[in-house]
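First up is the structure itself, then whatever we jot down about it.
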Amino acid sequence: MLRIHRTGDLVLVDIIATVNLFVVGSAALGLWTVARFPSFGPRRVTQSLLLVIAAFAVLSATNGLTGTVARTEGPAAALLLVVLPTMTLAFWACACLVRAFVTMLAPFRS
């Protein structure tokens with residue numbers, strides 16, 4: 001649930017709701033990339049699985065970077081420069097894995 005608090009001229013939005021919206025947006029971007037550019041990305045299950053592992057390693061590695069960017073540049077920069085790209089990469093990698101499994105199960109469908 002999106003919580004908006006008004007204090008005078010300042011409008012505050014709940015941080016959890018904001019992060020959830022960014023996660024949903026990055027999922028939409030990742031899935032859109034797979035649908036819009038079907039020839040881009042790995043086609044085989046093993047390559048897709050390696051990409052998923054690498055994407056989750058990037059997510060794990062950027063955990064500390066998010067806090068650093070938020071402290072130095074602000075939370076908006078951390079969301080736009082760290083959270084959105086890494087989550088988009090993770091969702092894109094998972095969608096590529098799903099596409100590889102579907103291609104493996106139905107290889108004659110295009």
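Nothing in this text is a laboratory measurement; each read-out follows from the coordinates by a stated rule. In this text the structure is predicted, and so the values were computed from the model without any measurement. Virtual Cβ from ideal backbone geometry, glycine too; neighbours counted across all protein chains shown.
Can you give the percent of C-alpha pairs in the chain whose distance is more than 17 Å?
That tail contains 62 percent of the Cα-Cα pairs.
So what is the calculated 222 nm ellipticity per residue for the chain, using -39500 (n - 2.57) for each DSSP H run with n of 4 or more, over all residues, to the nearest 500 deg cm²/dmol?
The per-residue figure over the chain is -22500 deg cm²/dmol.
Among Phe37, Leu65, Leu81, pick out the residue whose Cα is farthest towards the positive end of the charge dipole of segment 4-105, where Lys and Arg carry +1 and Asp and Glu carry -1 on C-beta, about the Cα centre.
Phe37
Relative to the longest principal axis of the C-alpha atoms of the chain, give the angle of the C-alpha long axis of helix 63-73, reported between 0 and 90° and rounded to the nearest 10°.
40
How do Trp32, Trp92 rank when sorted from fewest to most other Cβ atoms within 10 Å of their own Cβ?
Trp32, Trp92
Choose one answer from Thr18, Thr33, Thr72: the residue with the largest mean-square fluctuation in a GNM of the chain with alpha-carbon springs under 10 Å.
Of Thr18, Thr33, Thr72, the Gaussian network model singles out Thr72 as fluctuating most.
Cut-off is 10 Å between beta-carbons; in what order do Phe91, Phe56, Phe37, Phe108 appear when sorted fewest neighbours first?
In increasing order of surrounding Cβ atoms, one gets Phe108, Phe37, Phe56, Phe91.
Defining a contact as two alpha carbons under 8 Å apart and six or more residues distant in sequence, what relative contact order in percent does segment 4-105 show?
Here the relative contact order equals 41 percent.
Using Cβ contacts closer than 10 Å as the measure, can you line up Val34, Val45, Val102 from fewest to most?
The fewest-first ordering by Cβ neighbours comes to Val102, Val45, Val34.
Across segment 78-88, in residue order, what do the Karplus-derived ³J(HN,Hα) couplings come to in whole Hz, using 6.51 cos²θ - 1.76 cosθ + 1.60 with θ = phi - 60° and x for Gly and Pro?
My calculation for segment 78-88 gives 5, 5, 7, 9, 10, 5, 4, x, 6, 5, 4 Hz in order.
Rounded to the nearest 20 Debye, what is the dipole magnitude of segment 4-105 about its Cα centre when Lys and Arg each give +1 and Asp and Glu each give -1 at the C-beta?
Approximately 420 debye in magnitude.
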